[in-house]
Amino acid sequence: VQDRMGSSPDGGDIYKVDIGASHTCTLSSLDFEGATKRNRPQFVSGTLLYARVVSFNGDVCDPVLSCTLGPHDAGIPRKDWMTEEAAYGELKGGTVLTKLPLGLTRLLLTPDSVVLNELSKLPFEVAVGVNGYLWIHSSRPEYTVLIRNAILNSQILSSEQIRSMVRSLISTVKQSINTETTTNNEEEEREQSNNNNSDDNRNYSSMEE
């Protein structure tokens, strides 16, 4: 979102949105699932959105976006924008990669994407745009880096090579996380042991006095 442009005749807020193209787009706050004049989302500059283009008239006007389900979204459950479970809407947190090759983004959008299917063993969310933008949200920064690297590397590998690459990355990262956890636990145990020894020494000194 770049900024708020004004109000629409039906009482919504009109926002100017940058999709990384030669044209900026417009989006009404009423074009969200379940949005009304009294119950509509409000955005500030810099808000990241996942939306679809619903109309484009060339040089006549800016493209129009919508965050409601469209004709190509058959089978996707319709969720109110306030639930934060809608297919389209605001993307909170996460990491954004821009200007991926369009051929790669189209592959990621297919149901049988090899790299995303292999990565599904990890807890994460991803939003892929046909404009080359990719949003990744995971429970750990290590997973975000892994997912990013796996997706970027996948464009030059065969299906079997992708499967092998993802499995290797997951194994390496999980081993690193386990090692880090073990090290932290050992440090906490040593610190606790030192604190206990200090308490014992103070008690012993008090008894001597």
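The values are calculated or read from the model by the stated rules, or taken from the named source; none is laboratory data. Please read these numbers as outputs of a predicted model, since none were measured by experiment. When we count neighbours, we look across all protein chains shown, and the Cβ atoms used for this are built from the backbone with ideal geometry, even at glycine. Keep in mind that these areas ignore ligands, DNA and RNA; they rest on the heavy atoms of the full protein, side chains included. Shrake-Rupley method; radii C 1.70, N 1.55, O 1.52, S 1.80 Å.
When the Debye formula is applied to the Cα atoms of region 1-104, each taken as the same point scatterer, what base-10 log of I(q)/I(0) results at q = 0.19 Å⁻¹? The Debye formula, applied to the Cα set alone, gives -1.06.
Think of a 1.4 Å ball rolled over the protein heavy atoms: the chain then has 63 Å² of accessible area per residue.
Please compute the Cα-Cα pair-distance distribution of the chain with 10 Å bins starting at 0, giving whole percents from short to long. Over the chain, the share of Cα pairs per 10 Å bin runs 7, 25, 26, 17, 10, 7, 5, 3, 0, 0 percent.
Angle, helix 159-208 long axis vs. longest principal axis of the chain, Cα atoms, 0 to 90°, nearest 10? The helix 159-208 is inclined about 40 degrees to the chain. Under a Gaussian network description of the chain, with springs only between Cα atoms under 10 Å, the residue in Thr144, Thr95, Thr83 that fluctuates furthest is Thr83. Of all accessible surface on the chain at a 1.4 Å probe, what whole percent is carbon and sulfur? Answer for the chain: carbon and sulfur cover 49 percent of the accessible area. Helix 141-154 and the longest principal axis of the C-alpha atoms of the chain enclose an angle of approximately 50°.
Note on the chain: GNM, Cα springs under 10 Å; of Phe32, Phe124, Phe56, the largest mean-square fluctuation is that of Phe56.
Which GluC sites (Glu not before Pro) in region 1-89 sit in a loop by DSSP (not H, G, I, E or B) and have at most 13 other Cβ atoms within 10 Å of their own Cβ?
Passing both the DSSP loop test and the Cβ count: Glu84, Glu85.
Relative intensity of region 84-181 on a log10 scale, I(q)/I(0) at q = 0.10, 0.21, 0.24 Å⁻¹, equals -0.27, -1.13, -1.39, per a Debye sum over C-alpha point scatterers of equal strength in the absence of solvent.
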